[in-house]
Amino acid sequence: MELTRKTIAVTVATLWTSPEKARSIDKNALTNPVRLIDWLEPLTYTERLELCDQNHVQSQVLYGEEVILLDQRGNWSYVLVPSQPSSKDERGYPGWIPTVQLSSRLPDNHSLFVSTNKHGAKLHDVTENRGMLLSYQTILPVIDERKLDYVVWTPHGEGRLDKDDVTLCRKNEQVGTGDELVHEAEKFIGLLYLWGGMSSYGYDCSGFSYNMARSIGCTIPRDAHDQMKGGEAVEEGEWKKGDLLFFAYEQGKGSVHHVGIYYGDGKMIHSPSTGRFIEVTPLKGTIYEEELCGVVRYWGKN
């Protein structure tokens, strides 16, 4: 049976555990256009924590990304996200999205793309949602190149992105370096943690490592425990900038619960937990030193 594919038609679509998990205070995350700031800014610490502790949210998906539609219930669609590898389903990360946030418009085959290199890149000249502000690492196919901008395919028709706001990339392009990964990560120091976050409106720990790897052309699994299973294991003393550091309960012997990016000089950059901000922190003498359970490198594989 041929799978039904859709594309994300809002800046950032949140992937919910079930339709019932969306609360009344989450209404601004369920609309088209989505109102992310209106959703996130009023949330209290407890309300943000519930996204994790009460299993409300699974992940997020960016504008223009393809999803596989598996089921519909009322105004909701159950989808898989192929761009987010997961042990939950080999076809992609599963979850529920409001149907209004999906488009039936699919891109043709393209070999040239642009990825937004900053938060709030403005998408111009779109028939609907004119002036949409895109998240960092939104990737769209290129239709044409002009002097100051690129014409791109979007779920709403053709759009324009300023060249200063994007990085040109091709399919199967050489993966960047660990230094480049860390440089990208530094852009988000001070950004508030968001459970399930996969956008520059807020990242969780593995959403941060996933998107920083994506920024150098490397697709890694969505969740920390899956990320640890891939890549190349790195021995102590061989760590380099951009390596992923993994942490587990029971002094490193239990289940993996956190991931950070090696920053060099015995430090890491990471998105710690609800109520905290992306930071650079030393490992020595901290709980992270006790719980370190593995180091993996993705960026040197080709």
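Quick check on my filter: what residues within the range 281-302 are within 24 Å of Leu49 (Cβ to Cβ) and hydrophobic (A, V, I, L, M, F, W, C)?
Ile287
What single numbered condition from (1) in contact (Cβ under 8 Å) with a residue 40 or more places away in the chain; (2) not in a loop (DSSP other than H, G, I, E, B) fails to hold for Leu106?
(2) is the only condition that Leu106 fails.
Restricting attention to the range 41-60, does a residue exist that is outside any strand (DSSP E or B), among the aliphatic types (A, V, I, L, M) and buried (at least 20 other Cβ atoms within 10 Å of the Cβ)?
Yes, that holds for at least one residue.
None of the figures in this text is laboratory data; all of them are computed from the coordinates on show. The structure displayed is predicted, hence computed values, not measured ones. Cβ atoms come from the backbone with ideal geometry, glycine included; neighbour counts cover every protein chain shown.
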